[in-house]
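The values are calculated or read from the model by the stated rules, or taken from the named source; none is laboratory data. The structure presented is a predicted model; accordingly, all values stated were derived computationally and were not measured. Note: ideal-geometry Cβ built from the backbone for every residue, glycine included; neighbour counts use all protein chains shown. Remember, those area values only see protein heavy atoms, side chains included, never the ligands or the DNA or RNA. Shrake-Rupley method; radii C 1.70, N 1.55, O 1.52, S 1.80 Å.
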Amino acid sequence: MNQEEWKEREKIYAGWLCNFPGIGNGQLHKLAGLCGGAEGVYHAKKETWGQVLSPKQVESLLKYTEKWPPETKYYQMREEGIDVVTILDDDYPERLKTIPDAPFFLFIRGRLPAGDGPSVAVIGARECSEYGKYVARELGAALGRYGVTVVSGMAKGIDGISQEAALNAGGVSLGVLGSGVDVCYPAQNRGLYGRLLEGGAVLSIYPNQTPALPRNFPPRNRIVSGLADAVVVVEARVKSGTLITVDMALEQGREVYVVPGRVTDRLSDGCNRLIRQGAGIFLSPEIFYEEILSLRENKKECKIKRKKGIGERGMVPEQPRGLSGELAEIWGALDVEPRNLEEIRNALPEKYQERQIISCLMQLCMEEAAVQVSPGHFCRRGEALFS
């Protein structure tokens, strides 16, 4: 089996695993790590599932599997233009890999932008003022012209207006849904939904046919901010749900900018309070764009330093003593910059199987020669412990 065939099989079984509604994100990471991927989970015995899932979950997964033929269901999804990517895939968004509790998978309908271009989340009130509509429209259009991807929740008001404006300007936009990607919510934005499929994509962490339930939106919001370099808030009341997204963005290390409003305008109370707390002030699309470029350049410089191993000790970790055979070879495939399993596998001879690699990585972590920085991502331990 060549690499492309292996990737396709993983997607088939990822479709099976990720459409199962009775499993949490952390459990998905643990199961995939334990079994060496989605196909490994499918072929594992229920006793293996039981190491991660409760007895009730195991029985539910068994019943679900009886009614879910992986290949048939997967190709039905593909016919509808729906793809599934897991954190182990090359096309999983890089920004999301770095957020706390990164989602194990994403359902995608449409096409993600190639590369690592700039991306901004625009969020705000559903019931917005004419001022808010104007700013959202001007900002979205400017970002579209500059080639900056506009991320939002496809909601009524600021979200949808900014996304529509970006698309009208020839730009790219991503809509993150609180439902399955095959469910358009709100229904009044069906036109925008269709345009996103042509000029970007809609994404979701929920199985297909999942309705838009209130509990789905806070987790949705953390994906909106996680996909962006920065977040811009255009109108928000003091108790607005928009501010939940702001909190998540700050936890993820994202920059937050706010459009200031009149002190007598209740729709701007939340924005003005954020400014008082130290948020950046959005003054114009041109100034904001320059700041985003500067922000990205600073992060790029930090990343280059990490790749060179420049840190407090000013050195790249040397190979720890006592490693031999396959452990030494797999340690050699690591870097000081986190690598996913596919990258590690590509740096090794073909004789190594994924389960063997995962087992060795776990042993390297236990021996403090490597660090698992996030699910499926490993790097060399940075401290000079091996003298």
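I'd like the accessible area for H377, computed on protein heavy atoms only with a 1.4 Å probe and all protein chains in place. Round to 10 Å², please. Its accessible surface works out to 10 Å², give or take rounding.
First measure r as the distance between the Cβ atoms of E66 and Q27, then evaluate 1/(1 + (r/R0)^6) with R0 = 22 Å and state the FRET efficiency to the nearest 0.05.
Values: r = 20 Å, r/R0 = 0.92.
Given R0 = 22 Å and the Cβ-Cβ separation, E is 0.60.
Can you check what the net charge comes to around P219, using other residues whose Cβ is under 14 Å from the Cβ of P219 (Lys, Arg +1; Asp, Glu -1)? Intermediate values should be presented prior to the final figure.
Details: positive: R215, R220, R222; negative: D101, D247, E251.
With Lys, Arg at +1 and Asp, Glu at -1, the net is 0.
So how strong a dipole does the chain carry about its Cα centre when Lys and Arg Cβ are +1 and Asp and Glu Cβ are -1, to the nearest 20 debye? Walk me through the numbers on the way to the answer.
Numbers: 48 positive and 50 negative charges, 186 e Å.
It comes to approximately 900 debye.
Go through K11/K351; K46/K97; K97/K156; K97/K239; K67/K351 and tell me which ones have a Cα-Cα distance over 26 Å in this structure. Where the Cα-Cα span goes over 26 Å, the pairs concerned are K46/K97; K97/K156; K97/K239; K67/K351.
Within the assembled protein chains, the solvent-accessible surface assigned to W16 is about 0 Å², based on a 1.4 Å probe.
The alpha carbon convex hull volume per residue for segment 8-102 rounds to 100 Å³. Taken over segment 75-147, the ratio of Cα radius of gyration to 2.2 N^0.38 Å equals 1.44. Whats the longest run of the chain with zero trypsin sites (Lys or Arg not before Pro) that are DSSP loop and have at most 13 other Cβ atoms within 10 Å? Free of exposed loop sites, the longest segment is 68-238.
For the chain, with every protein chain kept in place, what is the accessible area per residue (1.4 Å probe, Å²)?
Working: 18760 Å² over 387 residues.
On a per-residue basis, 48 Å².
When a/c reaches 1.5 or more, the comparison of a/b and b/c decides; with that in mind, is segment 205-266 rounded, prolate or oblate per its Cα gyration tensor? Cα axes put segment 205-266 in the oblate bin.
How many percent of the accessible area of segment 107-181 is carbon or sulfur, using a 1.4 Å probe? Roughly 49 percent of what the probe reaches on segment 107-181 is carbon or sulfur. Using the reciprocal of the averaged 1/r over all distinct C-alpha pairs, how large is the Kirkwood radius of the chain in Å? That comes to 22.4 Å for the chain. Ordered by 1.4 Å accessible area with all protein chains kept, S294, S119 run largest first as S294, S119. Here the 3J(HN,Hα) profile of segment 111-124, calculated from phi with Karplus coefficients 6.51, -1.76 and 1.60 at θ = phi - 60°, is 9, 6, x, 6, x, 10, x, x, 9, 10, 8, 10, 9, x Hz, Gly and Pro shown as x. For segment 57-70, putting each phi into the Karplus relation 6.51 cos²θ - 1.76 cosθ + 1.60 with θ = phi - 60° gives couplings of 5, 4, 5, 5, 5, 5, 5, 4, 5, 4, 9, 10, x, x Hz, in residue order, rounded to whole numbers and with x for Gly and Pro.
Gain on full extension, evaluated as 0.36 nm per residue between D247 and E290 minus their Cα-Cα distance, stands at 13.1 nm. Computed over segment 209-279, relative contact order equals 32 percent, with contacts defined as Cα pairs under 8 Å that lie 6+ residues apart. Ordered by 1.4 Å accessible area with all protein chains kept, M366, M154, M248 run largest first as M366, M248, M154.
Against the main long axis of the alpha-carbon atoms of the chain, helix 285-307 sits at an angle near 20°. For K56, a cut-off of 14 angstrom between C-alpha atoms picks up these aspartates and glutamates, skipping any fewer than 8 places away in its own chain: E47. Fully extending the segment from K156 to E127 would add 9.7 nm, taking 0.36 nm per residue of separation and subtracting the current Cα-Cα distance.
Per-residue ellipticity at 222 nm computed for the chain from its helices equals -13500 deg cm²/dmol, with DSSP H segments shorter than 4 residues left out and the rest contributing -39,500 (n - 2.57).
Ranked from the most accessible area to the least, with a 1.4 Å probe and all protein chains present, what is the order of Y64, Y185? Show your work: numbers first, answer last.
Details: Y64 35, Y185 110 Å².
Listed by decreasing accessible area, they come as Y185, Y64.
Contact order normalised by length for segment 19-87, with contacts defined as Cα pairs under 8 Å and 6 or more residues apart; what percent is it? After rounding, I find 28 percent.
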